[in-house]
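The values are calculated or read from the model by the stated rules, or taken from the named source; none is laboratory data. Values in this document were obtained by computation on a predicted structure and should not be read as measured data. Here the Cβ positions follow ideal geometry from the backbone for every residue, glycine too, while neighbour counts run over all protein chains shown. For the accessible areas, the whole protein counts, side chains as well, though only heavy atoms, and no ligand, DNA or RNA atoms are used. Shrake-Rupley method; radii C 1.70, N 1.55, O 1.52, S 1.80 Å.
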Amino acid sequence: MSDHTASTATEAFVAHRNLLFTVAYEMLGSAADAEDVMQESWLRWAEADRDSVRDERAYLVRIVTRQALNRLRTMARRKESYVGPWLPEPLLTSPDVADDVELAESLSMALMLVLETLSPTERAVFVLREVFDVGYDEIAEAVDKSPAAVRQIAHRARQHVEARRPRETVPPRQVAATLESFRRAVDTGDLQGLLDVLAPDVVLVSDGGGRKQAALRPIVGAEKALRFFGGIMAKTPGTITSALTSVNGTPALAFRIDGELDGVLAVRLEAGHVTGLYYVRNPEKLTRLGTGTVLTRG
C-alpha cells in the first residue's frame, strides 16, 4: 500500500470511527470487545480494494457488523462461564447523547439487556435497522442473508424487543431526580425513602464478575434489594460516597469508596418508580468511566 493510499484509508476510517464504534458497542455491550472489533475491521479495510467501494460508510459498517457477529459468538461462550449475571459495560457519555432520544434509549442498560436475549443475527439486524436506519439491502450484505430474510428477522426482533422494552421514554431530568432521591435516602439511611422510590417488584441485577460482592442471580422485590445494598454498605470498609453521572446517555449513580470508583448504578424507571436496578461493580467494566466516550448515529 502506498503512503497516499494508506493516508486516504486512514482518513476514511477516522472520519467514521465514532459511528463504527457505536455500532460495535450496540451489538456487543462491551467497549473492550468493540475496540477489538475496530482493530480487526481496520485491518480488513486497509486490505480492501477501495476502487470498488461506492459508499465508504456503508462498506465500513458492513465490515464492523461482520466482525461484531464473529465476536458475539465468542462472547456467548465467555458468558457461559461468567460468575453471576452479566451486565453491559457502562460508558461515560456527554449530554449530546441524551439529546438524541432514540440513541440514548437504545444504549440504556434496560434495552441493552433486552438485546442480550436476541440471537446474534437478530441483534445485528435490529441494531442496524432500528438504531442506525440502515436499509434492508445493506443489512442483507452485512449479515449474509437475503433482503426478504432480513425483513422477516427485523420483524421478529422488533416484536421481541417491543414486548420487553420499557413502556415509556422517561426524560433524563426525571431519571436524575429519582436517582437524587435514591442517593439521599442511601446517604441518610432512610429506608422508607428508598421504599418510596422502588417499585414493590423491582428487579436488581448486580455484576461483580466474581471480583466484587454481587448477587449470583437477580433479586426481586424492594425489601430484598434494600437488604442487598445494606449488606454491601455494612461490609465495605471506608467512606462511601455517591454522585450523579451520565452513563450510556442516561443519568446514573457512581459510588466511590474513599474516593475510588467502586460501582455504577443505572435504573429502569416506569410510572414514577424504579422497576430495574443495574449495579456494575466488576472492575474490568469500570475502566471507561474516567473519560467520556463519543457515541453517535452520524
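Values computed for the structure shown
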| item | result |
| --- | --- |
| Rounded Å value of the spacing that divides the Cα centres of the range 221-298 and the range 10-62 | 30 |
| Residues of the chain: accessible area per residue with a 1.4 Å probe, Å² | 47 |
| Only Lys, Arg (+1) and Asp, Glu (-1) charged, at Cβ; the range 1-65 dipole about Cα centre in debye | 180 |
| Largest-first ordering by accessible area, 1.4 Å probe, given options 42, 86 | 42, 86 |
| Rounded to the nearest 20 debye, dipole of the chain from Cβ charges on Lys, Arg, Asp, Glu | 960 |
| Burial order of peptide ranges 175-183, 27-35, 210-218, 106-114 (average beta-carbon count within 10 Å, highest first) | 106-114, 27-35, 175-183, 210-218 |
| Dipole magnitude of the range 99-174 about its Cα centre (Cβ charges: Lys, Arg +1; Asp, Glu -1), debye to nearest 20 | 400 |
| Crossing angle, helix 3-15 versus the chain [Cα axis fit, 0-90 degrees, rounded to tens] | 40 |
| Relative packing of peptides 271-280, 191-200, 75-84 - highest average C-beta neighbours within 10 Å first | 271-280, 191-200, 75-84 |
| Shape box of the range 1-146 [Cα atoms, principal axes, largest first, Å] | 49, 35, 30 |
| Accessible area in the full protein assembly, largest first, 1.4 Å probe, for 270, 141, 260 | 260, 141, 270 |
| Highest to lowest packing among 123-129, 154-160, scored as the average C-beta count within 10 Å | 123-129, 154-160 |
| Carbon plus sulfur fraction of accessible area for the chain, probe 1.4 Å, in percent | 49 |
| Cross-link table 79/235; 212/235; 79/145, entries beyond 20 Å C-alpha to C-alpha | 79/235; 79/145 |
| Value of relative contact order over the range 217-283, rounded to a whole percent, pairs C-alpha under 8 Å and six or more apart | 18 |
| Neighbourhood net charge (14 Å Cβ-Cβ; Lys/Arg +1, Asp/Glu -1) for residue 98 | -3 |
